[in-house]
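Q: Submitted below is the structure of interest, expressed as structure tokens.
Read the figures in this text as sums done on the coordinates, not as results from a lab. What you are looking at is a predicted structure, and each value in this text was computed from that prediction instead of being measured. For neighbour counting, all protein chains shown are included, and Cβ atoms are generated from backbone atoms with ideal geometry for every residue, glycine included.
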Ligand SMILES: *Cc1c(COP(=O)(O)O)cnc(C)c1O
């Protein structure tokens, strides 16, 4: 499989190149040239497979020319051995509601499904090239810890994660700073998450620095992250239908950067019988407004109790736009230019109807989120985390839909306690965090300060 850019300005690249490139060099996002078509017989067979076997089948056509079957098998085995559930991503029932639990990885949020895989994949590709990568990222909480757990202990990678000092939850802070491997560098900046993002952007724009230090990113624009997430849509369909290809299912997806739900779109394009994709947002509703009005317009980010979805610009949205615009890079470029100059883009009513035929979108308020956690607990005893609760509420008129559970409820204890008066029992990975030794550097929120810290740290190693 070869990969092309949504903006059409890059010669097609291999899977490994796409993974190492992250963002395409023309500013667009990378996509496979075509989607493998999965026929009914194959779907039926896939429905009988365990998660890891299935992951190998789903990923194979996308990686096959670059990575051997043995290498892929080894990557998948190692990436999902760190999950604390034998099914990796089990489908469970909460009363009448089906829940796809994606939080059994080492940091108790769904980002582990992709980042455990990406970390091992980076290692394989760097061993081949003999290179070294310095990952740099800013986090408001979840992504940082999942990325750190994805690459901890690796010889050919150093990871620098900036988080706003004292502005992430105590659990999130501990999840990052208790990882003592010598390739992990936590930096608490004296500023906000936005300051962190600004610094990271500035350092990536310093092309001399970026080249000399081989800076790499782990945000959700990386194609390998999307690919790893496609797997659980197939898996959940198989568990629920038993492989009956006549049965379509819908999925409700708590959405921020449009990565997770785009993976569902890819699954559908490959032939998975998907009826609707329910796009659930909190009050940061740029995406649900787009589905319902055809206008994609920036607003201010408002903090919520589902903070991993407090996003205005959805970095994967351009991938969907490319298909909506009939794979025309020219149209994508025009729309993205419009977005850059006016903070807004819009599509025709005809296109909007096309969007609506697959996606149903709803924005869920803070009160509704709390009420959903309480309601589900009252009727079934199951505890939803606030992100998952947004998805369950958005799917209220789709009782059959499978709701993706993106975080363990113990990770967002305060919001859960407020809703039901008690906290969820933490999984082993979240226990004892407060007693563990930590390592973290507190630094001023300036690009030069961070750059100097990186240089000295890397020289000393
Ligand atoms: C990142 C995240 C999301 C949003 O996923 P996207 O792929 O950005 O749409 C939802 N819930 C949780 C818990 C997350 O960490």
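Q: State the extension gain, in nm to one decimal, for the chain segment bounded by residue 344 and residue 73, taking 0.36 nm per residue of separation less the distance between their alpha-carbons.
A: Length gained between residue 344 and residue 73: 93.2 nm.
Q: Considering only DSSP beta bridges with both partners in the stretch 252-372, what is the antiparallel share in %, to the nearest 5?
A: Restricted to the stretch 252-372, the bridges split so that about 25 percent are antiparallel.
Q: For the chain, build the convex hull from the C-alpha positions and give me its volume per residue in Å³.
A: So the per-residue hull volume is 137 Å³.
Q: Separate question: How high is the FRET efficiency between residue 248 and residue 365 when r is their beta carbon distance and R₀ equals 30 Å, given to the nearest 0.05?
A: Details: r = 30 Å, r/R0 = 0.99.
Computed FRET efficiency for residue 248 and residue 365 comes out at 0.50.
Q: State the Cα centre-to-centre distance between the stretch 342-376 and the stretch 32-91 in whole Å.
A: 30 Å
Q: Moving on to the next point. Rounded, prolate or oblate: pick one for the stretch 263-367, where a ≥ b ≥ c are the square roots of the eigenvalues of its C-alpha gyration tensor, a/c under 1.5 means rounded, and failing that, prolate if a/b is larger than b/c, else oblate. Walk me through the numbers before you get to the answer.
A: Values: a/c = 1.81, a/b = 1.14, b/c = 1.59.
It is oblate, given that a/c is not under 1.5 and a/b is not larger than b/c.
Q: What's the whole-number percent of alpha carbon pairs in the stretch 390-461 lying beyond 13 angstrom? Could the numbers behind the result be given before it?
A: Numbers: 2018 of 2556 pairs.
Result for the distance tail: 79 percent.
Q: Quickly rank 241-247, 194-200 as a protection proxy: mean count of other C-beta atoms within 10 Å, highest first.
A: 194-200, 241-247
Q: If you don't mind, another one. How much length is gained if the chain between residue 180 and residue 428 is pulled fully straight, taking 0.36 nm per residue apart and subtracting their Cα-Cα distance, in nm to one decimal?
A: 87.5 nm
Q: Then there is this: Label points 7 Å out from Cα along the Cβ direction at residue 82 and residue 44: separation in nm?
A: Result: 3.8 nm between the two label points.
Q: For the peptides 87-94, 119-126, 324-331, what is the packing order when you average, over each peptide's residues, the other Cβ atoms within 10 Å and list the highest mean first?
A: Details: 87-94: 18.5, 119-126: 21.4, 324-331: 14.4.
Most protected by this proxy first, the peptides run 119-126, 87-94, 324-331.
Q: Separate question: Let me see the pair-distance distribution of the stretch 93-224: every alpha carbon pair, 10 Å bin width, integer percents in order.
A: P(r) for the stretch 93-224, in whole percents per bin: 12, 41, 33, 10, 3, 0.
Q: Would you please calculate the Kirkwood hydrodynamic radius of the stretch 1-155 over all C-alpha pairs and express it in Å, rounded to one decimal?
A: That comes to 17.3 Å for the stretch 1-155.
Q: Okay, next question. For the stretch 202-253, I need the span (max minus min coordinate) of the C-alpha atoms along each principal axis, in Å, sorted largest to smallest.
A: Largest first, the stretch 202-253 extends 55, 17, 13 Å along its Cα principal axes.
Q: What's the center-to-center distance, using Cα atoms, between the stretch 221-248 and the stretch 140-192 in Å?
A: Taking the Cα centre of each part, the stretch 221-248 and the stretch 140-192 sit 30 Å apart.
Q: Separation between the residue 2 and residue 127 pseudo-spin-labels, each 7 Å from Cα along Cα→Cβ, expressed in nm?
A: With each label placed 7 Å out from Cα toward Cβ, I get 2.9 nm.
Q: Per residue and in Å³, how big is the convex hull formed by the alpha-carbon atoms of the stretch 188-318?
A: 152 Å³
Q: List 177, 379 from most exposed to least, where exposure is judged by having the fewest other Cβ atoms within 10 Å.
A: Ascending number of Cβ neighbours within 10 Å: 379, 177.
Q: Quick one: order 356, 425, 173 by neighbouring beta-carbon count within 10 Å, fewest to most.
A: Going from least to most buried by this count: 425, 356, 173.
Q: Is the stretch 138-211 best put as rounded, prolate or oblate by its Cα gyration tensor, with a ≥ b ≥ c the root eigenvalues, rounded for a/c under 1.5, and otherwise prolate when a/b is larger than b/c, oblate when not? Mind showing how you got there, number by number?
A: Numbers: a/c = 2.34, a/b = 1.09, b/c = 2.16.
Verdict is oblate for the stretch 138-211.
Q: What ranking of 344, 111, 268, 210 emerges when the number of other C-beta atoms within 10 Å of each C-beta is taken as an exposure proxy, fewest first?
A: The most exposed by this proxy come first: 344, 210, 268, 111.
Q: Compute log10 of I(q)/I(0) for the stretch 295-352 with the Debye formula, placing one identical point scatterer on every Cα and leaving out solvent, at q = 0.14, 0.25, 0.27, 0.29 Å⁻¹, to two decimals.
A: Summing over Cα pairs of the stretch 295-352 leads to -0.44, -1.07, -1.17, -1.26.
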